[in-house]
1. Of the residues PRO171, PRO176, which single one is within 21 Å of GLU296 (Cβ to Cβ), surrounded by fewer than 23 Cβ atoms within 10 Å (Cβ to Cβ) and within 14 Å of the ligand (Cβ to nearest atom)?
2. Suppose we filter the stretch 192-213 for residues that are surrounded by 20 or more Cβ atoms within 10 Å (Cβ to Cβ) and either free of Cβ contacts under 8 Å to residues at least 12 places away in the same chain or part of a helix (DSSP H, G or I) (or both); how many remain?
3. Name, by its number, the condition in (1) among the hydrophobic types (A, V, I, L, M, F, W, C); (2) more than 30 Å from LEU50 (Cβ to Cβ); (3) buried (at least 20 other Cβ atoms within 10 Å of the Cβ) that does not hold for VAL83.
4. Does GLU137 meet the test of being farther than 25 Å from GLY222 by Cα and either basic (Lys, Arg) or more than 10 Å from the ligand (Cβ to nearest atom) (or both)?
5. Could you please tell me which pairs satisfy a Cβ distance under 7 Å, a separation of 6+ or placement on different chains, a first residue in the stretch 19-41 that is of a type in the set (Ser, Thr, Tyr), and a second residue that is part of a loop (DSSP other than H, G, I, E, B)?
6. Enumerate the helices (runs of 4 or more DSSP H) found wholly within the stretch 285-340, keeping only those where 1 or more residues are of a type in the set (Lys, Arg) and more than 16 Å from the ligand (Cβ to nearest atom).
Amino acid sequence: MRTAVVIGASGQIGRPVVEALARDGWAVTAASRGGGRDAAWGEGVRTVRLDRADDGALAAVVGGGCDLVVDVIAYDAGHARQVTALADRIGSAVVVSSVSVYQDGAGRGFDTLGEPDGFPDYPVPVTETQPTVAPGEATYSTRKVAMEHELRAACDELPVTVLRAGAVHGPYSPLPRELYFVKRNLDGRRDRVLAHGGRSRFHPAAARNIAELVRLAAARPGSRVLNACDGDTPTVAGIGAAIDAVMGVETRTAYLDGPPAGSVGRTPWSVPRPVVFDMAAAERELGYRPVVSYAESLPETVEWLTGELRGRDWRAAFPLLAQVYPDLFDYAAEDAWRTA
Ligand SMILES: NC(=O)c1ccc[n+]([C@@H]2O[C@H](COP(=O)([O-])OP(=O)(O)OC[C@H]3O[C@@H](n4cnc5c(N)ncnc54)[C@H](OP(=O)(O)O)[C@@H]3O)[C@@H](O)[C@H]2O)c1
C-alpha cells in the first residue's frame, strides 16, 4: 500500500486531502499539533501529533520512509528544507503555495495592495509563467516564493508539485470570506451594497478541488508548479446570489460604480481589476477536473458557518478573519450611506 504523510491534516485543506488520498487507496498519516481527526476519515487513517516548529519532528513521523509527503502549511524556505532534507526517504511531495506570489509587469502584487495605484493589473487569466515577487523574508508572498525556490533547487532528488491556491473556501476555514454574505443573511440584512458594480472577480479555490489536485499529483509524481483554483470565477454579485439561493433568501443590491465608500461596498472579493488564474496546465498535466463548482461547494460551507456563529460573536468565532477584515460588518456605515 502506498504511504502518505499529510502535514496540517486537520485544517480546511488537510481534511479533504486526507479523505481524497485515503479513498484513492493511500495509507495516510494525518499530522498536526493537536493530532485531530475528521469524522469523514476512515479508521485506516492514522493521526499523529507533530509540531513542525521542531525541525526534527517531521523526520520522526516519516521514519524509515514514505511514498508521499503533502505539506499544506509550508510558509518559508525553512519549511521547504524540512521536506527536502528527507529526499532520500520520500518518494515525492505536494506542497501548497499561494497565487499571492505573482506580480504584474509594473511590480505590483498582493504586497502593494495598500499603496496608491498598487492594485496589480494581471493578465486574464494568469498562467504559471507570470513573474513572481522576489524571494525574501519580508512578507507572506516573498516567503512563499523562497519556499518554492528551495523546493525547485532539490527537484533532482525529490519530485515536488507546488500548488498555488486561490481564495480557499470550505468548512473549517480560518478565513471564511463567505461569512460576508452568510452573516448578513442570518442577521436579516436584506439590503446590500457592492463596489465596482458587483463585477469584481477574485478566483476561489474550494478545499475539495485543491484536494483533488493533490490526489492527481500524488498519482503522477513530477516537478511542476500549478495554479490551484476552481473551474469557475463568479463575480462578487454572483457569489452573493449563490449564497442567497443556498439560504433561501431574497436580497436587494445597490451598486457603487467605483471603489468602496470607506467600508461600504467592500467585500473580501471587491477587487478593482480581475484576479483570475489559468487552470489549463493542471488540466493538461494532471487531467484536473474540478470536483465541485463554486455554487455546489456552498451548502456545506453555509451550514458550517451557521453552526460556528451560533451564540458567538463573529470575531470570537473567526479571529483571523476579524484581523484581516476588521470592518466586514459595519452595518451603521451602510445604513448611514443609504439614508445620506
Ligand atoms: N486561506 C486562503 O485563502 C489561502 C489562499 C492561498 C493559500 N493558502 C495556503 O493554505 C495553507 C493553509 O491551509 P489551511 O487553510 O488548511 O490552514 P488551516 O485551516 O489553518 O489548518 C492548519 C493545519 O495545520 C496544523 N498546524 C498548524 N501549525 C502547525 C505546526 N506548527 N505543526 C504542525 N501542524 C500545524 C493545524 O492543526 P493544529 O492547530 O492542531 O496544529 C491544522 O491542521 C497555507 O499554505 C496557506 O498559505 C490559503
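1. None of the other options fit; the residue is PRO171.
2. Total satisfying the criteria: 9.
3. Unmet for VAL83, out of (1) among the hydrophobic types (A, V, I, L, M, F, W, C); (2) more than 30 Å from LEU50 (Cβ to Cβ); (3) buried (at least 20 other Cβ atoms within 10 Å of the Cβ): (2).
4. Judged against the criteria, GLU137 is a match.
5. SER32/GLY8; SER32/ALA9; SER32/SER10; SER32/LEU50
6. 314-317, 331-339
For (1) assigned to a helix (DSSP H, G or I); (2) under 30 Å from VAL28 (Cα atoms); (3) within 16 Å of the ligand (Cβ to nearest atom), each residue gets a yes or a no:
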| residue | (1), (2), (3) |
| --- | --- |
| ASP88 | yes, yes, no |
| SER92 | no, yes, no |
| VAL95 | no, yes, yes |
| GLY105 | no, no, no |
| ASP117 | no, no, no |
| TYR122 | no, no, yes |
| GLN130 | no, no, yes |
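One line per residue, one yes/no per condition, for (1) surrounded by fewer than 21 Cβ atoms within 10 Å (Cβ to Cβ); (2) basic (Lys, Arg); (3) at pLDDT 95 or above:
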{"site": "ALA39", "(1), (2), (3)": "yes, no, yes"}
{"site": "ARG49", "(1), (2), (3)": "yes, yes, yes"}
{"site": "ALA57", "(1), (2), (3)": "yes, no, yes"}
{"site": "LEU68", "(1), (2), (3)": "no, no, yes"}
{"site": "ILE73", "(1), (2), (3)": "yes, no, yes"}
{"site": "GLY78", "(1), (2), (3)": "yes, no, yes"}
{"site": "ARG89", "(1), (2), (3)": "yes, yes, yes"}
{"site": "VAL94", "(1), (2), (3)": "no, no, yes"}
{"site": "ARG108", "(1), (2), (3)": "yes, yes, yes"}
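The values are calculated or read from the model by the stated rules, or taken from the named source; none is laboratory data. Since this is a predicted model, take the numbers as computed values, not measurements. Virtual Cβ from ideal backbone geometry, glycine too; neighbours counted across all protein chains shown.
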